[in-house]
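All of the numbers you see were taken from the coordinates with simple rules; none came from a lab. No experiment lies behind these values; they were computed from the predicted model shown. Cβ: placed from backbone, ideal geometry, glycine included. Neighbour counts: every protein chain shown.
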Number of protein chains: 2
Amino acid sequence: MQDTSAADEIQDVLTGLGEALAARDVDRALTFFAEDCYWRDFVSFTWNMITLEGQDAIADMLRERLADVQPDDWAPDDTVPARQDGAVTEGFIRFSTSVAHGYGYLRLRDGKIWTLLTTAQDLKGHEEPGSLSRPLGLVQDEQIGEPTWTDRRDAERAELGVTQQPYVLIVGGGHSGIILAARLRQLGVPALIVEKNERAGDNWRKRYKTLQLHNPIWENELPYLSFPDNWPIYMNKDKFADWLESYTNVMELNFWGGAEATSARFDEETSTWEVEVERHGEKVTLRPKQLVMSTGSHARPTIPDLPGRDVFEGIQQHSSEHPGPDGLEGKKVVVVGSGTSAHDIAAALAARDVDVTMIQRSPTYVVKPDSFNKHVLGALYSQEAAANGVTPEKGDILAASFPYALFFDVQKAGVDKIREIDAEFYEELGNSGFLLDFGPRDGGLFARAITGVNNYYIDVGAAQMIIDGRLKVASGSGVKELRERSLILEDGRELDADAIIYATGFTSMKGAIADLISPEVAERLGEISGIGSGEGTDPGPWEGEIRNMWKPVDQEGLWFHGALIAHARSYSRYLALQLKARMEGMPTPTYRLEEARDSSLV
Amino acid sequence: MQDTSAADEIQDVLTGLGEALAARDVDRALTFFAEDCYWRDFVSFTWNMITLEGQDAIADMLRERLADVQPDDWAPDDTVPARQDGAVTEGFIRFSTSVAHGYGYLRLRDGKIWTLLTTAQDLKGHEEPGSLSRPLGLVQDEQIGEPTWTDRRDAERAELGVTQQPYVLIVGGGHSGIILAARLRQLGVPALIVEKNERAGDNWRKRYKTLQLHNPIWENELPYLSFPDNWPIYMNKDKFADWLESYTNVMELNFWGGAEATSARFDEETSTWEVEVERHGEKVTLRPKQLVMSTGSHARPTIPDLPGRDVFEGIQQHSSEHPGPDGLEGKKVVVVGSGTSAHDIAAALAARDVDVTMIQRSPTYVVKPDSFNKHVLGALYSQEAAANGVTPEKGDILAASFPYALFFDVQKAGVDKIREIDAEFYEELGNSGFLLDFGPRDGGLFARAITGVNNYYIDVGAAQMIIDGRLKVASGSGVKELRERSLILEDGRELDADAIIYATGFTSMKGAIADLISPEVAERLGEISGIGSGEGTDPGPWEGEIRNMWKPVDQEGLWFHGALIAHARSYSRYLALQLKARMEGMPTPTYRLEEARDSSLV
């Protein structure tokens, strides 16, 4: 039920804030904010993706942007009930700017704004079609002699990238690239995906056979086209791969499979990229205005350069090449690593009675899927959330509503709760010799992921195998060297092995940039992703937003896109709007772009 | 808004009726029915698809079926507001039987039941998964070593029809066959489609290039997977074809393309069909328990056997072979026929300045799409209907809620309204020499379709071309014979022609049965489809339901399925439930099956 007092409280603050902003009275506007406050903005106020931490930062932004943005029409979105819990009142909100329809989330503490999220959802005059604004599509009267849908689609396939240049070139056609292309299609932005693999979905299809999406279906929705209601909550990777392929087809995306971008050069004079692509062995030069890197975090396998790799006589595979357990029965297998892939691969082997040992150098965060869904994802992505009006799109807004400054604390609350509920499980697992932790600052899975380390596992069964001793773990030590039929650990232990599977992860997009564009540009941009937490592989200084992703970077016409399906779905909207605005020649004054550029030089 | 008095009125009648039925008191139950009353049942009471006309027929059915059916839990479905208009109160209802969850529609006149629709939606214990009952899908714990989704899917593809026999064989993989297969998949009924064409969707893909779905998108939804919200209201045939192909893939249907059933024999001893199939030239024998004919009304083109067909020196094409106007510029083309294909093809030619004449032997019903949508389809299938809770599934229930006995009158009401609104248009078109009518008993498009004649056209522009004289019509006379470069009409007119396109329709499934099974079975079954109206090509006696379709026929294990997308979507549910019940060995006592068999011998 709608909590009317909560809705009223939000309405009151929005009215007051709206009036102050309309009067361009920044001081008055600040009176609605708490001392400790955060304003996160995606595109709507800043043409950037940033978080303003504290009243001073907010005041600076408003002084610079208010006259241009002309925010108006602030109102609660009453399709989802506002909520009040203790001192905190929160709810979804709508607003508008001079050029965009805005949506966001407001969180009051003791009646003052604690967190505010503002996002642009549509550019005025360029709204996406949908529901009541579906295109008619009917070919009638004087259009009858015109080219049909098929004629136009065939012509586009034949011409785009050949005689017509795409406005946007997306390098990498995994789920992220596909999602972005779908959004750009709706916005009428000519876009082309180039993807090394042959078929859409191959980035999933080619992984080990037991891989499944460890997040529930609601989190993995793609824009525009919902999964069928009767589909399982958890999907095998090939089912999702087939979905991606069908999606690419029915959403009319321009997807070049078997096409690899080999070099890219930005021509400053024409503000155009020159991208060399090998398409089925044939060289093609593309000249897009905008280049989106969406090669993902799984494009470049990392294999540790261990002494003796050439001496070892058995099988050596990176996890990305490992097809699954078939054929390894009766062998001794060592899996190097202790993230999700390592657990999945090792468990699939152990289930076939392969003698398998996982080498766990550093601690892993493990969580049971039910607990994770209930206490971490449930409010955002679940059947219950959807029934309460929190569709995956609104879940994305809610997920973005907390600034990264509060991220670890928010995550820790869920992690702590689960730790209490599953105490017995964690005790048993800890007693097995497995190195367990709860992520950086006890922030669990997402805290680990955001800080660039993938040592986490949503436990679908490997933990019990470890507890039962069916899956052996050699923990606390890395691999020192390989011998003909064994591995020597740093602590001196020797493990016999017929096969070694390196579940040792992938390198970041930084290397891809160096190779594709130039080491200079890669160096200038600095870290891609990370928030500057100083945890894991995420160096400081504090940034408070994901670095370089989905927003202008220190290279004209270059953009970064990727991450989990949910992130790609959520953030692709803002990236697509920024690209659309540039194509339409709209002014896109980017607040704090220079500052971001400076800091990236550090 | 919910009209509470309407809801209360429905609740009162349902309570009274429910109590009488629970007491097995047929006489008391009858007191709730009006003198003039209809009870249409799909599977729930009768394991049949029939309409009981009048109190006596209803009493007979109840006396025979009540003890077995045990209806209960009658209640209004308050997710869609009940409505009251004058003497009539109406709304969606729920109920249950001993074996099924029921859904339906009730229409009261002066407080008594005028029309009642009862349908089975799910068999108890065999409910379709969905929303809150999604399968988990997570492979965990002891399942880890089991075959994956991909292993199982690959095995099914390799084995079904080869080492494993499908329970149901669907002959014909157009939209109807695909929709049925999707439903059977959800119910766990092993089904295989054999389709002459190579790819799913080819039945649409291979038609003339300007073909578009003339009904709006809401009417054309397939089960389980909604079209994207941003798709056009009207779809080109190839877009829909691609959707069908993707649907077949993601819904995990077993679809053999390039496979033609050449003969089928029912083995009485084993109650199994023996179906010979040619699959890519290779002969395969399939042994399903159930055989569904879904070859559609477009499988066998009809070309009139005109004198001089071998003398004519130009191009002759049936509409199903006609690719579109390309290459016919500057020619004289005659289109024989005046249904939708004839209009579409002729208009596409006229738009390219081809000299085109349509030969219209008998009158055509023409309607403007906006008027048709507003006054005929709008309440069932539209954005507005969906916004009011009338999803396409509920639209199907509403569409079925009127018995065929009232069908012509109901249709006429919409047709008359449109006739008034578009009076000027009809006058102009009539004055052009075009033969116009308003369908059998002035029932318009659906009345014409149900009576087996396709002389109707949703006007997307040909009418104005006719009025303007850009598209010539030779009306009131058929073709008598062909000469080397001309056609002679029955009234003696001669039309020069470089090409003749026969938009002369298709033959019914009757011939397909004779060829595939035997002339005897075809003879025994009598007419497939039609309601016995005595109009068009629909001979009497009055049946009051579509003959032989979606229900047991006078041949064990044989079923007929097809029609418009909306019909196929709606009725496939009931066919699927009947097949599922048989696979599970549930008793399926079919009310009035013998009677149907007798009448089909007439």
**OP:** Would you please classify the overall shape of the stretch B:273-386 from the alpha carbon gyration tensor, given that a ≥ b ≥ c denote the square roots of the eigenvalues, rounded means a/c under 1.5, and beyond that prolate means a/b larger than b/c while oblate covers the rest?
**Re:** oblate
**OP:** Using +1 at the Cβ of each Lys and Arg and -1 at the Cβ of each Asp and Glu in the protein assembly as shown, identify which of B:Gly439, B:Leu192, B:Thr537 lies farthest towards the dipole's positive end.
**Re:** B:Leu192
Original post:
Considering the zone a paramagnetic label at B:Asp409 would reach in this model (a point 7 Å from Cα along the Cα-to-Cβ line), which residues of the stretch B:106-148 have amide N under 20 Å from it?
Top reply: B:106-118
Original post:
Tell me, what is the percent relative contact order of the stretch B:329-430, built from C-alpha pairs under 8 Å that lie six or more residues apart?
Top reply: 20
**OP:** Output, in nm with one decimal and in ascending order, the distances from the A:Asp491 label point to the matching label points of the other copies (7 Å from Cα along Cα-to-Cβ).
**Re:** 10.1
Original post:
What number, in nm² with one decimal, is the all-direction average of the projected area of the convex hull of the alpha-carbon atoms of the stretch B:242-297?
Top reply: 5.1
Original post:
With contacts defined as alpha carbon pairs under 8 Å and 6 or more residues apart, what's the relative contact order of chain A in percent?
Top reply: 16
**OP:** Based solely on C-alpha atoms, express the radius of gyration and the Dmax of the stretch A:13-141 in angstrom.
**Re:** 16.4, 63
Subject >> Bins of 20 Å, starting at 0 and running to the largest distance - Cα pair percent for chain A >> reply: 19, 51, 27, 3, 0
Original post:
Can you give the average number of partner chain beta-carbon atoms within 10 Å of each beta-carbon in peptide A:144-156, as a whole number?
Top reply: 5
**OP:** Bin all alpha-carbon pair distances of the protein assembly as shown at 10 Å intervals from 0 and give each bin's fraction as a whole percent.
**Re:** 2, 8, 15, 19, 19, 17, 12, 6, 2, 0, 0
Subject >> Low-density loop positions, chymotrypsin sites (Phe, Trp or Tyr not before Pro), the stretch B:526-559 - DSSP coil, at most 16 other Cβ in 10 Å >> reply: B:Trp542
Original post:
Can you name the residue in chain B whose Cβ lies closest to the B-to-A rotation axis, and give that gap in whole Å?
Top reply: B:Ser246, 2
**OP:** Report the semi-axes of the equivalent ellipsoid for the stretch B:163-255 in whole Å, largest first, where each axis is √(5λ) for an eigenvalue λ of the Cα gyration tensor.
**Re:** 24, 15, 9
Subject >> Convex hull volume of the stretch A:398-446 per residue (C-alpha atoms, cubic angstrom) >> reply: 69
Original post:
Which percent, nearest 5, of DSSP beta bridges in the protein assembly as shown are antiparallel?
Top reply: 55
Original post:
Where both residues lie in chain B, what percent of DSSP beta bridges are antiparallel, nearest 5?
Top reply: 55
Original post:
Given a Förster distance of 51 angstrom, what is the FRET efficiency for A:Arg63 paired with B:Glu198, based on the Cβ-Cβ distance and rounded to 0.05?
Top reply: 0.20
Original post:
Along the stretch A:73-83, what does the Karplus equation 6.51 cos²θ - 1.76 cosθ + 1.60 (θ = phi - 60°) give for ³J(HN,Hα), rounded to whole Hz, x for Gly and Pro?
Top reply: 6, 5, 7, x, 8, 7, 6, 10, x, 5, 10
Original post:
What nm value, rounded to one decimal, do you get for the distance between A:Leu132 and B:Asp8 when each label is placed 7 Å out toward the C-beta?
Top reply: 3.3
Original post:
If you average the sequence gap of Cα pairs under 8 Å that are 6 or more apart and divide by the length of the stretch B:420-576, what percent do you get for the contact order?
Top reply: 14
Original post:
Hey, could you pull the Cα Rg and Dmax for the stretch B:1-71, both in Å?
Top reply: 12.9, 40
**OP:** Determine Rg/Rh for the stretch A:479-550; Rg is computed over alpha-carbon atoms and Rh is the Kirkwood hydrodynamic estimate from the same atoms.
**Re:** 1.19
Subject >> R0 of 41 Å, Cβ-Cβ distance B:Arg483-B:Glu278: FRET efficiency to nearest 0.05 >> reply: 0.55
Original post:
At A:Glu159, with labels set 7 Å past Cα in the Cβ direction, how many nm apart are the copies from this one, shortest first?
Top reply: 5.1
**OP:** Compute the projected area of the convex hull of the Cα atoms of the stretch B:155-309, averaged over all viewing directions, and report it in nm² to one decimal place.
**Re:** 11.9
**OP:** May I ask for log10 I(q)/I(0) of the stretch B:432-519 at q = 0.17, 0.20 Å⁻¹, from a Debye sum over the Cα atoms as equal point scatterers with solvent left out?
**Re:** -0.99, -1.14
Original post:
For the stretch A:110-201, which semi-axes, largest first and in whole Å, follow from the square roots of 5 times the eigenvalues of its Cα gyration tensor?
Top reply: 32, 23, 11
**OP:** Could you compute the FRET efficiency for A:Asp326 and B:Leu435, with r as their C-beta to C-beta distance and R0 at 56 Å, rounded to 0.05?
**Re:** 0.20
Original post:
Under the classification rounded if a/c is under 1.5, otherwise prolate if a/b is larger than b/c and oblate if not, where does the stretch A:485-596 fall, given a ≥ b ≥ c as square roots of the Cα gyration tensor eigenvalues?
Top reply: prolate
Original post:
Between rounded, prolate and oblate, where does the stretch B:529-577 land on the alpha carbon gyration tensor, with a ≥ b ≥ c its root eigenvalues, rounded for a/c under 1.5, else prolate if a/b exceeds b/c?
Top reply: oblate
Subject >> Label point 7 Å beyond Cα along the C-beta direction, distances from B:Lys283 to other copies (nm, shortest first) >> reply: 5.7
Original post:
Going down the table (A:Lys331/A:Lys510; A:Lys394/A:Lys417; B:Lys239/B:Lys394; B:Lys394/B:Lys551; B:Lys510/B:Lys580), which pairs top 28 Å between alpha carbons?
Top reply: A:Lys331/A:Lys510
Subject >> For the stretch B:328-468, projected area of the alpha-carbon convex hull averaged over all directions, nm² >> reply: 9.2
